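Just below is one structure, and these are the notes that go with it.
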Amino acid sequence: MNSTIALLHDRLSAALVAAFGDELAGTDPVLVPASNPKFGDFQANVAMSLAKRLGKAPRAIAEEILQHLDVADLCDPPEVAGPGFINLRLKTEYLEAQLQTMNQSDRLGVEPTKHPKRAIVDFSSPNIAKEMHVGHLRSTIIGDSIARILEFLGHDVLRLNHVGDWGTQFGMLILHLREAYPDALTTANALALGDLTTFYKQAKQRFDEDEAFREKSRLEVVELQSGNPETLSAWNLLCEQSRLAFQEIYELLDICITERGESFYNPLLAGVVEDLEKLGLLVEDQGAKVVFLEGFTNKEGNPLPLIIQKTDGGYNYATTDLAAIRYRTQQDHADRIIYVTDAGQANHFAQVFQVAGRAGWIPEGVELVHVPFGVVQGEDGKKFKTRSGETIRLRDLLDEAIARSRADIEARLTEEGRTESEEFKAHLAKTVGIGAVKYADLSQNRTSNYIFSYDKMLALQGNTAPYMLYAYVRVQGISRKGDIDFSNLGDRTISLQDEMDLTLAKALLQFDTVLTAVEADLYPNRLCQYLFELSQTFNQFYDRCPVLQAEEPLRTSRLILCDLTARTLKQGLSLLGIPVVERM
Ligand code: ARG
């Protein structure tokens, strides 16, 4: 299916050249959605911007463009309005044909990209032996959705979990493990650390309080780095334990991701230092090896250093990211690397990207993007904590969402006098509960902070997952009530007779434009907003227009609109990582 905007764009460009000559080749026709549906569907505002250059009145320019504009197959005769807008209204027959194509396509008319890229989405990335927190939840949900959208558009996506599984903190963890759980290293499966956060806190406390423990921890780090097999197996044990906990969350959220943690790049770090040195970028600064940054200064206005190798010879978070950039471009052949982390890491990525660029490690055409997001806040607007001030465990947070969704379902079923099986209720509670958490996160502009509210995200009204699921279920209800097999309507004719039919049709045809926008700027909230508006339009349509009661051929045509709405919602939600249900 050809995007209508792209078609109109091309036709306008051709008309500009035909009217005013080759100098206008490539001039942007400034095609935008109409400011008011009264004026049509799109408007081209180019005439105003050409007035000076051509020395003519904008209205006259617009008239001249119109004389050369050939859109008869797409639009009603265009009109010039106001100071020189060109108003375009899509023809009903054109919309009908577009919908027909959409209906016959199992991708809803969204063609795979003509320029597939090798994309890496670096997301989730929790730290070993620490609990995954809400920040990691955001990264997981947003990163997964971005990956799903890029995959659907035909890109080759590698989903990478850059877990924090290396670094000096392992010294104290391994030492504490050795001392507090001596059996763990010799007996298989003897380890059940249970709550790793507590384990981490205990180790940290000893590290902070006990000088001898500190000293021994440092020696463990040295052993680990030099590859002592026994130390490595202790390290492995800790990683395994964490992995189990992470995996539990990924399964609940239906997340697919490949682990390639920081330790993976460990053998490549010395090469980074060596090459930066050869390039003359590395400077000794108070015993450390650093690169001085451009555009980052301290309070005195002096350039800030990015530490590549510390005084003690150890490497940094940034060193690992530099090695990862080299590996991902050279071995994975990535041409778009997307990092999904909280906005607090914006400087880190800007600095790492700068150094990689200056070192010549970002090949031509490769794009590195940091996708930042804001913090999750409690309903009091403060940092999200439990009542007693502890950080909330993700598992608890998700279980609570499911439990609350379950309570809502029970109450609604009682109210409606319905009895449903345990299986039905449990499945619905999980789908709605998890879907609501994901949707609440994705529907916000990711750069802003957002307030976590179970009540809001589980509400049946508003821009929520339950609202969207309900619209989907409503369509399935039509099929049950009218005994309609939607899959049989593929070859039937669509006729858009009412204003409401047209409005819904136009909303449906926006799907691919929205996905293209997310592909470019990586804001999944655009897709949420689209699905929300589509559901609203559908609900208005269904409240105002008879469907099953309508006369043929309108009845079939409307049934197709209903089915297309459901299919678009299902596909759209699945790109957000949210499955639908057939009944609620
Ligand atoms: N482990 C880091 C954290 O918890 C996130 C890693 C993000 N990815 C990266 N390549 N730096 O904050």
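For region 529-545, how many residues meet the condition of being out of contact with any helix residue (DSSP H, G or I) (no Cβ under 6 Å at 6 or more places or on another chain) and either free of Cβ contacts under 8 Å to residues at least 12 places away in the same chain or surrounded by 16 or more Cβ atoms within 10 Å (Cβ to Cβ) (or both)?
Selection size over region 529-545: 4.
Considering only residues of region 95-140 that are assigned to a loop (DSSP other than H, G, I, E, B), touching a residue at least 60 places away in the same chain (Cβ under 8 Å) and under 30 Å from Val46 (Cβ atoms), which is farthest from the chain's Cα centre (by Cα)?
Only one residue tops the list, namely Gly109.
Go through region 226-269 and give me each residue that's of a type in the set (D, E, K, R), under 27 Å from the mean Cα position of the chain (by Cα) and surrounded by fewer than 20 Cβ atoms within 10 Å (Cβ to Cβ).
Taking region 226-269 first, the residues of a type in the set (D, E, K, R) are 230, 240, 243, 248, 251, 254, 259-260, 262.
Among the residues that remain, those that are also under 27 Å from the mean Cα position of the chain (by Cα) are: 243, 248, 251, 254, 259-260, 262.
Selection gives Arg243, Glu248, Glu251, Asp254, Glu259.
Would you call Val375 within 16 Å of the ligand (Cβ to nearest atom), at pLDDT below 95 and surrounded by fewer than 20 Cβ atoms within 10 Å (Cβ to Cβ)? Walk me through how you get there before you give the answer.
Details: within 16 Å of the ligand (Cβ to nearest atom): yes; at pLDDT below 95: yes; surrounded by fewer than 20 Cβ atoms within 10 Å (Cβ to Cβ): yes.
Yes, satisfied.
Name every residue in region 308-367 that is assigned to a loop (DSSP other than H, G, I, E, B), more than 14 Å from the ligand (Cβ to nearest atom) and either under 24 Å from His133 (Cα atoms) or in contact (Cβ under 8 Å) with a residue 60 or more places away in the chain (or both), in order of residue number. Lay out the reasoning, then the answer.
First, pick out the residues of region 308-367 that are assigned to a loop (DSSP other than H, G, I, E, B): 310-314, 316, 331-335, 359-366.
Remaining after also requiring more than 14 Å from the ligand (Cβ to nearest atom): 310-314, 331, 333, 335, 359-366.
Hits for region 308-367 are Gly314, His333, Asp335, Ala359, Gly360.
Yes or no: Leu177 more than 20 Å from Gly572 (Cβ to Cβ), within 16 Å of the ligand (Cβ to nearest atom), hydrophobic (A, V, I, L, M, F, W, C) and buried (at least 17 other Cβ atoms within 10 Å of the Cβ)?
Details: more than 20 Å from Gly572 (Cβ to Cβ): yes; within 16 Å of the ligand (Cβ to nearest atom): no; hydrophobic (A, V, I, L, M, F, W, C): yes; buried (at least 17 other Cβ atoms within 10 Å of the Cβ): yes.
In short, no.
The values are calculated or read from the model by the stated rules, or taken from the named source; none is laboratory data. Treat the numbers as computed from the prediction; the structure is a model and nothing was measured. For neighbour counting, all protein chains shown are included, and Cβ atoms are generated from backbone atoms with ideal geometry for every residue, glycine included.
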